[in-house]
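Each remark here refers to the structure printed beneath this line.
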Amino acid sequence: MATGVDRKAASGTPRLRAPLLQRVWLHRVDYLYVAPALGVMLLVIAYPVYYTITLSFFKTSPSLAMADSAFVGFDNYATVLASDSFRDTTMNTAIWTFFSTLVSFALGFGAALALDREFVGRGVLRGLLLVPYVVSAVAASYVWRWIYHSDYGVIGALATALHLTDRPINFLDNTHTALASLIVVNIWKEFPFAMIMMLAGLQTVPEHLHRAAMVDGAGPWHRFWHVTAPHLRGVSVVTLLLMAVANLNSFTIPWIMTGGGPAGSSDIWITQVYQIAFGRVRFGLASAYSVILFAAMMALGVAYVRALGGAKSARAE
Amino acid sequence: METERRAKPSFACVDRRAFVAGSAAAAAWLASGRRALSDAKTGIDAATWTPSYITSIAGTVDIDTRAECAKVVPLDYKGRLTYWWNGTNQASPDIDKKFEAEFFQAFSETYPNIEIEKQNLDYNQMLDKLRTAALGNAAPMAARLPILWGVEFAAKGQLQEFSPADVGYPVEDYWPGAMKSVAWQRKTYGVPTNNETMGFIWNAALFKAAGLDPEKAPPTWADVVAYSKTIKDKTGKNGFGLVARANAGNTPFRFMPQIWANGGGALDEADDHPTYKKILLDSDGTKLSLQQIVDMYVRDRSAPASALTNTQTENEDPFLAGNLAMMIGHPLEFAYMLDHAKKATGADKPIADAVVADMRYGQMPMGKARRAVVFGGSNVHVFKPDVVDSGKVDTMAAKAFIAFLTGPEWSTKLSWDSSNPSNLRGFKSVWMKQRLAQIKFLDVTTSMLPYGIPFPVVPESAEIMNIVVPEMMQNVLTQKMSVADASAAAAKRVKDLIGEL
């Protein structure tokens, strides 16, 4: 619901901020509209977050009965942060998130640029490239497990048939290659998302600017760099942040394909949290871990909201 | 109801009364707590439970399940039960799927007014789901769990006290080792449904091709290492089907027998009088076992490279394709091979048929200390009302169902090719006789029962076996740690764990 205050701001007159209560009253209908959604969010998000933060300060009993739990202050956080496994897992998480996000984005962007041009079969190709995104992550993980299989995998069989190696390649049972192998699967699964987002972004680039640039003698690279890229800045940042958040939260592929192994080499924060909570029944410790993960996600969330604002500004310009 | 059909001279020692008398130790334990029972790890007398003895008692009694259950709960009882179990799946042999379907059909015919809401869960996911459900007060009223898991729920206070006597069966109808697995702090929290031990399986054709005696299993674990290398060197096929996936129950079931055989352990569960207070993960026996798997996997490369992500399921197809020579398994593996060989087509068919013909079972190899195998199985438990979905447990419906499930008939039929009846009268039933005739190698795996060692009966057992032990294996197999360091790290984890909880 537009207000007088907003209209003034939009029309360029000096922005006069009304008192808080007055602004709330002015937006009362808006608050009514969002109240049901807010209520549900409080129920399914706020309470679990509150409960998780509370648990993170307790040494919990396996039955989770708070009567049997002991307040330990920040001990759980100290235990998590001081553990060797946290250091290794954090490094794995950083590698997983960084490469999954960046390479997926680069591939998706490249595919979007290619598919933005008119050519025969473009529609079919768009559909085919979307397949990894719509395939269930569980099904994809099992299929890739067999593609990678260290004894009878398709890739290993091809490599030996072509005399590239003398034995099948050990992808998932090797501490040096397990994480990289999972990242490849994640990229395969995620890049169509970047492609869709960037294709949508490309639709917003005004055609007349391209034509004007061509008249001025700009080549393809200059048109991309000076016309296309500036228009895609906002959507790129949003896409990268959404993918980073998704990858930081990504559980299915690593859990199904390696369970974090071998020897913890593909363990990331989220699989570690699951393992501590449900495999080892340490809910207090797992909650502390989750709060750390939550803080990282919130940082990305704040960046996302700011980027959204930036994207709006860029469009307005 | 049972009636003795015939009494052979050799059967005199298993007369019901004699059996009751012979099981006095079990009964005594129930009165005096777990220490007394642990005197005889499983309570199964190796001299008695021989293949010939098992064959001699099969088919000697008649069972009337309906009449036995009617004594516990009237057949017209009206009620509702929610039930979770790890049952058959798409890959299960057809006979198992048939018996499972028949079981639920027979129950609904016997108790037409009891409604069962059932969930069949995957083995590797069931424990986490059940833990979460119980914490969220959404557990089923009854659940059939692998032998390792129940005590954790009992220790959390989530299970009701429940014993065979509650469903009309005397405690002495079950092996003492099985009763031990449903006990926590001198109270009984379930009824055994089936108990089994595994055997050592090999492909005789691959043994022959490698110049080994095709009719003899490797006598010791050191021989398994040597055989595995010989097979790899001579045939190019993988030797021993090592299983080392983390957080998968298959892993400890196959590695702990090797550790125990070599004189090691997780705790002191292999001792005649276990206290569960000694940690043996850093013992010489455990280190020797770790070194043996390192020799196979790292030095000789004679075990599948995929061992770190494999469960036993991933060993089955390579074995059927003649690409794997040795593995550890139940009689179920033979049923699986037979079933899948029948379904094989094209060029796969003759290969699969040949492997089935060349499949052999033997006793588990010896180690420096003993011959050992996990005393496995499942138990059925009843949850407390406050952790159950509706907040209520229909105890009568649970009793009716458990009486039906754990009686001689269905505890035999439901373990047809994979286990043994928990209810020892099942061994005397006509269905046991049919099984012995139908299921190849059943006598071999059953003859391993006296060598069975139960996992430690402590709430931390699932974590020790499913997480600590597999991670110790992965640490040495990936060469992330030396054998000494990995075993010391695992021992420290267990020490912290036992002290912490």
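Scanning the stretch B:37-53 for residues that are modelled with pLDDT of 70 or more and of a type in the set (Gly, Ala, Ser) gives B:Ala47, B:Ser52. When B:Phe404 is tested against (1) within 30 Å of B:Leu242 (Cα to Cα); (2) assigned to a helix (DSSP H, G or I); (3) more than 14 Å from every other protein chain (Cβ to nearest Cβ), exactly one condition is not met: (1). Scanning the stretch B:368-386 for residues that are surrounded by fewer than 24 Cβ atoms within 10 Å (Cβ to Cβ) and more than 19 Å from the chain's Cα centre (by Cα) yields B:Lys368, B:Ala369, B:Arg370, B:Lys384, B:Pro385, B:Asp386.
Within the stretch B:341-358, is there a residue that is assigned by TED's automatic domain parsing to the domain that holds B:Gly236 and within 18 Å of the chain's Cα centre (by Cα)? No: the stretch B:341-358 contains no residue that is assigned by TED's automatic domain parsing to the domain that holds B:Gly236 and within 18 Å of the chain's Cα centre (by Cα). Taking the stretch B:321-340 as the range and being more than 12 Å from every other protein chain (Cβ to nearest Cβ), over 27 Å from B:Pro421 (Cα atoms) and surrounded by fewer than 24 Cβ atoms within 10 Å (Cβ to Cβ) as the test, only B:Gly322 passes. Scanning the stretch B:477-501 for residues being in contact (Cβ under 8 Å) with a residue 60 or more places away in the chain and under 17 Å from B:Ile464 (Cα atoms) gives a total of 8.
For the stretch B:256-263, the criterion of a residue being in a loop (DSSP other than H, G, I, E, B), in contact with a Lys or Arg (Cβ under 8 Å, 6 or more places away or on another chain) and more than 14 Å from chain A (Cβ to nearest Cβ) is satisfied by at least one position. Scanning the stretch A:76-124 for residues that are free of Cβ contacts under 8 Å to residues at least 12 places away in the same chain, assigned to a helix (DSSP H, G or I) and of a type in the set (S, T, N, Q) turns up nothing. Per the listing A:Ser236, A:Ser181, the residue uniquely more than 30 Å from B:Pro304 (Cα to Cα) and at pLDDT 90 or above is A:Ser236. Determine which single condition A:His163 fails, assuming it passes every other condition in (1) part of a helix (DSSP H, G or I); (2) more than 14 Å from every other protein chain (Cβ to nearest Cβ); (3) closer than 30 Å to B:Leu477 by Cα. Only one criterion is unmet by A:His163, namely (1).
Which one of B:Gln119, B:Gln90 is within 14 Å of another protein chain (Cβ to nearest Cβ), surrounded by fewer than 17 Cβ atoms within 10 Å (Cβ to Cβ) and within 21 Å of B:Ser415 (Cα to Cα)?
Matching residue, one of B:Gln119, B:Gln90: B:Gln90.
Residue-wise test of (1) within 12 Å of chain A (Cβ to nearest Cβ); (2) surrounded by fewer than 23 Cβ atoms within 10 Å (Cβ to Cβ); (3) in a helix (DSSP H, G or I); (4) in contact with a helix residue (DSSP H, G or I) (Cβ under 9 Å, 6 or more places away or on another chain).
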position: B:Lys433; (1), (2), (3), (4): no, yes, yes, yes
position: B:Thr445; (1), (2), (3), (4): no, no, yes, no
position: B:Ile464; (1), (2), (3), (4): yes, no, yes, yes
position: B:Pro470; (1), (2), (3), (4): yes, no, yes, yes
position: B:Ala488; (1), (2), (3), (4): no, yes, yes, no
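Within the stretch B:315-340, being closer than 19 Å to B:Lys232 by Cβ and free of Cβ contacts under 8 Å to residues at least 24 places away in the same chain holds for one residue alone: B:Asp317. Suppose we filter the stretch B:292-309 for residues that are free of Cβ contacts under 8 Å to residues at least 40 places away in the same chain and within 8 Å of chain A (Cβ to nearest Cβ); how many remain? Residues that pass the stated criteria total 2. Is it the case that the stretch A:281-303 has a residue that's assigned to a loop (DSSP other than H, G, I, E, B) and away from every other protein chain (no Cβ under 12 Å)? No: the stretch A:281-303 contains no residue that is assigned to a loop (DSSP other than H, G, I, E, B) and away from every other protein chain (no Cβ under 12 Å). Screening A:Thr252 with (1) within 14 Å of another protein chain (Cβ to nearest Cβ); (2) touching a residue at least 60 places away in the same chain (Cβ under 8 Å); (3) surrounded by 18 or more Cβ atoms within 10 Å (Cβ to Cβ) gives one miss only, at (3).
Each row is one residue, and each column tells you yes or no for (1) without any contact (Cβ under 8 Å) to a residue 60 or more places away in the chain; (2) away from every other protein chain (no Cβ under 14 Å); (3) surrounded by 12 or more Cβ atoms within 10 Å (Cβ to Cβ).
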position: A:Leu21; (1), (2), (3): yes, yes, no
position: A:Leu26; (1), (2), (3): yes, yes, yes
position: A:Gly39; (1), (2), (3): yes, yes, no
position: A:Pro48; (1), (2), (3): yes, no, no
position: A:Thr52; (1), (2), (3): no, no, yes
position: A:Leu55; (1), (2), (3): no, no, yes
position: A:Asp68; (1), (2), (3): yes, no, yes
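When the stretch B:173-189 is filtered for residues that are at negative phi and either touching a Lys or Arg at 6+ places or on another chain (Cβ under 9 Å) or not assigned by TED's automatic domain parsing to the domain that holds B:Lys129 (or both), the ones remaining, listed by number, are B:Asp173, B:Pro176, B:Gly177, B:Lys180, B:Ala183, B:Trp184.
The values are calculated or read from the model by the stated rules, or taken from the named source; none is laboratory data. Just so it is clear, the structure is predicted and the values come from calculations on it, not from any experiment. No Cβ is skipped: glycine too gets one built from the backbone with ideal geometry, and neighbour counts run over all protein chains shown.
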